[in-house]
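*Asks:* First the structure, which I've put down as structure tokens, then a few questions once you've had a look.
The values are calculated or read from the model by the stated rules, or taken from the named source; none is laboratory data. Model, not experiment: these values are computed from the prediction. Don't worry about glycine lacking a Cβ; one is built from the backbone with ideal geometry, like all the others, and counts go over all protein chains shown.
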Amino acid sequence: MRDGIRISEQRAEGPRARLELTPSVLRALLEGDRSARGVVAHVTSVEPLALQARIAGILAAPGSAVANVDEDQALEDSELRAGDLLDRFEVGREESLALIDRLSDEELAVRGELELVGAMTVEHRVTHFAFDDAVHIQQIVPMLALPAELGRGGLRQF
């Protein structure tokens, strides 16, 4: 309980809501674009490893060490179209949201030890992923704007 509000009640308006929106935001940004496909390949590959598996690992052995994920090694299916990657990401995100929805306040507060970071709770993991989604969307937007920016000629001053 934080500030008189149960953590589970905050989920609908906080990180969980952001996590739910990310697949549709990415799809809207990437339709027909190949330059940002690598970002989508990344989020698709790490979703089951860095969110779902870490939450499960912390809950299975509270206080134990949680191994770091080599995100470059996790990257897979680099030849898939952005749309296919997004389809896979949406399925993985739905699985993550279902997992998050089942978590009790007590489970959200369970701590683990992340190899490179130190102590973290399940709630920290969920909130970090919501933040990470925003970072990846910020990475994609300039990639999409650059071709148009370069083609604006003298209008680039405005």
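*Asks:* Would you call Glu95 within 18 Å of Leu21 (Cβ to Cβ) and among the charged types (D, E, K, R)?
*Replies:* yes
*Asks:* Same structure again: Any residue that is within 28 Å of Gly38 (Cα to Cα), modelled with pLDDT of 85 or more and among the small types (Gly, Ala, Ser) - is there at least one of those in the stretch 111-124?
*Replies:* Among the residues of the stretch 111-124, not one is within 28 Å of Gly38 (Cα to Cα), modelled with pLDDT of 85 or more and among the small types (Gly, Ala, Ser), which makes the answer no.
*Asks:* Output the number of the condition that Leu99 fails; it satisfies all remaining conditions of (1) at pLDDT below 95; (2) surrounded by 15 or more Cβ atoms within 10 Å (Cβ to Cβ).
*Replies:* (1)
*Asks:* What about Glu94, is it assigned to a helix (DSSP H, G or I), farther than 26 Å from Val40 by Cα and free of Cβ contacts under 8 Å to residues at least 60 places away in the same chain? Walk me through how you get there before you give the answer.
*Replies:* Working: assigned to a helix (DSSP H, G or I): yes; farther than 26 Å from Val40 by Cα: no; free of Cβ contacts under 8 Å to residues at least 60 places away in the same chain: yes.
The answer is no for Glu94.
*Asks:* Checking the structure you have, find out if any residue of the stretch 17-37 is buried (at least 18 other Cβ atoms within 10 Å of the Cβ), within 27 Å of Val117 (Cα to Cα) and modelled with pLDDT under 80.
*Replies:* no
*Asks:* Looking only at the stretch 97-111, count how many residues are in contact with a Ser or Thr (Cβ under 6 Å, 6 or more places away or on another chain) and outside any helix (DSSP H, G or I).
*Replies:* Number of matching residues: 2.
*Asks:* Is at least one residue of the stretch 70-80 under 12 Å from the mean Cα position of the chain (by Cα), under 25 Å from Gln138 (Cβ atoms), assigned to a helix (DSSP H, G or I) and not hydroxyl-bearing (Ser, Thr, Tyr)?
*Replies:* Here is the first cut: in the stretch 70-80, the residues under 12 Å from the mean Cα position of the chain (by Cα) are none.
Within the stretch 70-80, not a single residue is under 12 Å from the mean Cα position of the chain (by Cα), under 25 Å from Gln138 (Cβ atoms), assigned to a helix (DSSP H, G or I) and not hydroxyl-bearing (Ser, Thr, Tyr).
*Asks:* Can you work out which of the residues in the stretch 112-130 that are assigned to a helix (DSSP H, G or I) and touching a residue at least 24 places away in the same chain (Cβ under 8 Å) is nearest to Leu97 (Cα to Cα)? Can you show your working first?
*Replies:* Of all residues in the stretch 112-130, those assigned to a helix (DSSP H, G or I) come to 122-130.
Subsequent filtering for residues that are touching a residue at least 24 places away in the same chain (Cβ under 8 Å) retains 122-123, 125-127, 129-130.
Numbers: Val122: 13, Glu123: 13, Arg125: 13, Val126: 10, Thr127: 12, Phe129: 12, Ala130: 11 Å.
In this case the residue turns out to be Val126.
*Asks:* Right, next: Would you confirm whether any residue within the stretch 140-150 is within 14 Å of Pro23 (Cβ to Cβ) and either surrounded by 18 or more Cβ atoms within 10 Å (Cβ to Cβ) or free of Cβ contacts under 8 Å to residues at least 60 places away in the same chain (or both)?
*Replies:* Scanning the stretch 140-150 turns up at least one residue that is within 14 Å of Pro23 (Cβ to Cβ) and either surrounded by 18 or more Cβ atoms within 10 Å (Cβ to Cβ) or free of Cβ contacts under 8 Å to residues at least 60 places away in the same chain (or both).
*Asks:* Being touching a residue at least 24 places away in the same chain (Cβ under 8 Å) and assigned to a loop (DSSP other than H, G, I, E, B) is the requirement here; does Gly63 meet it?
*Replies:* So Gly63 fits the description; yes.
*Asks:* Scanning the stretch 105-139 for residues that are surrounded by 13 or more Cβ atoms within 10 Å (Cβ to Cβ) and more than 18 Å from the chain's Cα centre (by Cα), which turns out farthest from Asp70 (Cα to Cα)?
*Replies:* Among residues in the stretch 105-139 that are surrounded by 13 or more Cβ atoms within 10 Å (Cβ to Cβ) and more than 18 Å from the chain's Cα centre (by Cα), the one farthest from Asp70 (Cα to Cα) is Asp105.
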